[in-house]
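Presented below is the structure to which this report refers.
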Amino acid sequence: MKQKITFIMLMLFFSGVCFAKEQTKNSGESVYNLSTVWLNQDSQPFPLQKLKGQPVVLAMVYTSCQSACPILVSDMKNIAKALSPKEQEQVKFALFSFDPEEDVPSQLKHFAKEQSLDLTHWSLLTAQPDAVRELAAVLGVQYKKNASGEFSHSNIITILDAEGKIRYQQTGLKQDPKASAQVISELLKTKN
């Protein structure tokens with residue numbers, strides 16, 4: 001009986017993730033309509049509108065994660081590698097933390113160095129819990145902090161167009177980057 005309840009709860013959780021994702025994709029609203037201000041890895045205020053003007057590949061992570069988050073970052077790097085060098089120059093990458101207590105700007109900078117992220121193309125961002133919840137809701141990302149301090153979370157990479165509208169979401173880990181790269185290539189063609 002306990003296993004059955006656990007199974008049902010998991011199914012509800014994952015169906016909620018799918019519903020939220022589809023709802024967001026169809027809303028047509030720009031992420032840049034959110035008025036929250038984040039801090040980047042250099043402790044500089046970073047309004048979301050600062051990403052405007054280019055396609056953006058983003059994910060929500062936390063830097064102390066030892067399992068899914070490093071894979072999400074690797075998946076984002078694989079998306080970049082699937083692009084031509086010229087396309088790579090025209091795309092921004094962003095990691096938004098859902099652990100503002102631990103992921104202070106200095107920790108984000110340390111994580112960027114550990115992951116060999118080029119900060120001319122990558123931004124690592126932290127904000128107050130309300131801002132984190134708001135962005136997660138818009139992106140369809142669900143997360144919950146466990147008693148151990150770890151987070152259970154959706155594994156979603158989101159691609160925004162130049163205006164901040166969600167154009168594609170890659171769900172799961174270790175996915176083939178071709179579909180994401182193709183969406184980005186199409187966005188860059190329509191931009192130019």
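Data table
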| item | result |
| --- | --- |
| Spatially near lysine pairs across region 60-192, Cα under 13 Å, sequence gap of 8 or more or different chains | 5 |
| Inter-part distance where region 156-192 and region 36-54 are each reduced to a Cα centre, Å | 20 Å |
| Convex hull per residue volume in Å³, alpha carbons only, for region 97-192 | 131 Å³ |
| Residue-normalised accessible area of region 81-192, given per residue in Å² at a 1.4 Å probe | 51 Å² |
| Accessible area of region 56-192 belonging to carbon and sulfur atoms, whole % at 1.4 Å probe | 49 percent |
| Percent RCO, i.e. relative contact order, over region 26-70, from Cα pairs under 8 Å lying at least 6 residues apart | 24 percent |
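The values are calculated or read from the model by the stated rules, or taken from the named source; none is laboratory data. Predicted model only: the values in this text are computed from it and were never measured. Note: areas computed on protein heavy atoms with side chains; ligands, DNA, RNA excluded. Shrake-Rupley method; radii C 1.70, N 1.55, O 1.52, S 1.80 Å.
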